[in-house]
Amino acid sequence: AAWSAAWPFRGLHIEKARGDLRAWMDFSDSRIDEVRIETNLAPLELAGEVSESDSDSETRDATPAPNLRFSQFASLLRWQRESGGWRIDAPQTLAHIESAMPAHDMQAAGTAMSPANNDAPAIADLSVVQRDTDQSLHVRAASFALEPALALLSATHLLPQKSRTLLASTRPSGQIEALDLQWRSAQDFSLSANLSNLGWKASGGMPSL
């Protein structure tokens, strides 16, 4: 997947993948009305990079690039245009992190995060609805596993380097259920969810939970 390195997402690109990736598009009046993507990859290897803005050159040169390997990644996703906005539906997403490879290959990372139940979906019944009138978002999910989501987050440029390293070394785990987020702005949003089985490993001066 050398082509994907030319268009990384927040410093993360596909290093290696094997399996099926299919996409369908529906058009009307010269615009896309619906996109369906079906993915079943085993394995999926992602490679990241240390951002130049994350640290000074000496630290950056000594920090290996983050890597992430899924033994299986499978999802069915549908985006469709609606009156006054759009919506995304993903009934089930499987994301099994392979325990033999570090989730974020840094000196302090150790072994990888590994879901407690490989048969359970990482995300179940996800829906995202956007309205054009106020640019609001409504996100709902029946269940949402923290391990794969935080592993992906720690391998991107979305967080500062120190935060990425902390996520990799502590390897947080947990399950979010009945997620309901209504977002209009950073000052105007509502969030409800049930959090269970939260924990992390000891790292530095931080005790385990």
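Restricting attention to region 166-189, the residues that are over 25 Å from P121 (Cα atoms) and small (G, A, S) total 2.
Number of residues in region 135-163 that are in contact with a Lys or Arg (Cβ under 6 Å, 6 or more places away or on another chain) and either assigned to a loop (DSSP other than H, G, I, E, B) or at pLDDT 90 or above (or both): the value is 4.
Taking into account only those residues within region 10-30 that are over 19 Å from A74 (Cα atoms) and open to solvent by 100 Å² or more (accessible area, probe 1.4 Å), which is modelled with the lowest pLDDT? Talk me through it step by step, then tell me what you get.
Initial filter on region 10-30 (over 19 Å from A74 (Cα atoms)): 10-11, 25-30.
Filter once more, keeping what is open to solvent by 100 Å² or more (accessible area, probe 1.4 Å): 10, 25, 27, 29-30.
Numbers: R10: 72, M25: 96, F27: 94, D29: 88, S30: 87.
Of everything passing the filter in region 10-30, R10 is modelled with the lowest pLDDT.
Of the candidates T156, T133, the single residue that is surrounded by fewer than 21 Cβ atoms within 10 Å (Cβ to Cβ) and touching a Pro at 6+ places or on another chain (Cβ under 9 Å) is T156.
Picking from residues in region 164-188 that are in a helix (DSSP H, G or I) and β-branched (V, I, T), the one that is most open to solvent (accessible area, probe 1.4 Å) is T165.
The values are calculated or read from the model by the stated rules, or taken from the named source; none is laboratory data. Keep in mind it's a predicted model, so treat the numbers as computed, not measured. Counting neighbours? That spans all protein chains shown, and the Cβs are built from the backbone with ideal geometry, glycine included. Just so you know, the surface numbers come from the protein's heavy atoms only, side chains and all, with ligands and any DNA or RNA stripped out. Shrake-Rupley method; radii C 1.70, N 1.55, O 1.52, S 1.80 Å.
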